[in-house]
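Okay, structure first, notes after.
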């Protein structure tokens, strides 16, 4: 297949996945934004102070109802931990559930992978949270959590109070806002809106969830929180679709077979699951953005539970590990990385065999949800105006009008960028293949030289042995003469 045909296949795959999942993304982000606005962080903190199983369950429930953005989850769990929530409930249950048990992830997985994967995702997620709870309660000393909380208080002033990214008060782009908890700093206006909507802050005064529920301001805040989630995640999601399309079109099936193998025993499944988590770490994407790539991995031989573990790895990508280190110090960052890695592997393997034993692992040829094309079209037509209304409420009519006027120019620039990137990719691929050919020829010459060297060394070795044998014979003869 030519490069042009492969690119066409990649574009068709990206377009199909985007069309099929659009309604699920809009609905999932909308529900997540509504729930997160009406459940205050202060109330969650009061309920998560202990490290018992009740707090673990509550932390999981609160996390599942929050934003699916990994960075937002890290920021919220940090805030809960700083205010007194236990490490088990905040850094374990809440952090994991807020990216891997959320509504939008389940909807996208149902559309692209099928309902069996949704069941496996939530079942495996519960197992992973239990593993984290056991590790945090029985392996990690409490003094390590105390030291992490002290470290967090020392560095808090330099972080955005919404997403946790760097927000230096002296930076011109940093936004300061007065709240009931004092002055807060944000890296952008979207983070400030998200913080105000989540904490019920309007003009420095707190608003109860019941007041928000029956007011225009409350639903306005829900719209802004939803759009903020889009702002944080759209690049990851788009990159996930494009990456899945390119890999699905260009990588031969034989490569996947060589990587994952065809064995079905425990050891191969564990090995593939570890490899899947490593792949999830190096993709640098969020859980929702990983789903299209997970589809490619599943259809090319990755075991069922390994696909789930791949999605669970979104919390230990390098940028987030650096964030953990900045929040809690190097030791706790290492603890979080190791614990989340182990939890992802254990949960993936356990879900693989549990659902396999129940006969719920689908055939690789049968993936995707049960909606027909007509239902997908209807839901997209219904929910696209909802998305546009949310954007309109968040940015206002003037900014929307400017965006609409600039849309053709932006689209053309984007098209030119895609063409340039495609041309660069083709040139790079051609240069790579040429270099690979040169390397092959060089390697062949090198192998021939090595062979000649081995022959020469062998001849020298034989000559040395002959000389040693002759010397020994001479010494033996001289010894006899001396006697």
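Taken together, the values in this text are just the output of simple stated rules run on the coordinates, not laboratory data. Since we're looking at a predicted model, the values are computed, not measured. Cβ coordinates were reconstructed from backbone atoms using ideal geometry, including for glycine residues, and neighbour counts include every protein chain displayed.
Here is how the numbers come out for the structure above:
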read-out	value
Segments 53-61, 292-300 sorted - mean Cβ within 10 Å per residue, highest first	292-300, 53-61
Residues of segment 371-400 with amide N under 17 Å of a point placed 7 Å along Cα→Cβ from residue 115	371-373, 375-376
Spacing of the two label points (7 Å from each Cα toward its C-beta) at residue 175 and residue 322, in nm	2.4
Semi-axis lengths, Å, segment 3-371, gyration tensor of Cα atoms, sqrt of 5 times eigenvalues	34, 24, 19
Rg to Rh quotient for segment 53-144, alpha carbon positions, Kirkwood Rh	1.01
Protection-proxy order for peptides 275-282, 85-92, 6-13, each taking the mean of Cβ atoms within 10 Å per residue, highest first	85-92, 275-282, 6-13
Residues 69, 223, sorted so that the one with the fewest Cβ neighbours within 10 Å comes first	223, 69
Gain upon complete extension [residue 395, residue 282; 0.36 nm per residue less C-alpha separation]	37.3 nm
Distance from segment 270-300 to segment 90-105 (C-alpha centre basis), Å	17
Where labels lie 7 Å past Cα in the beta-carbon direction, separation of residue 42 and residue 258 in nm	6.1
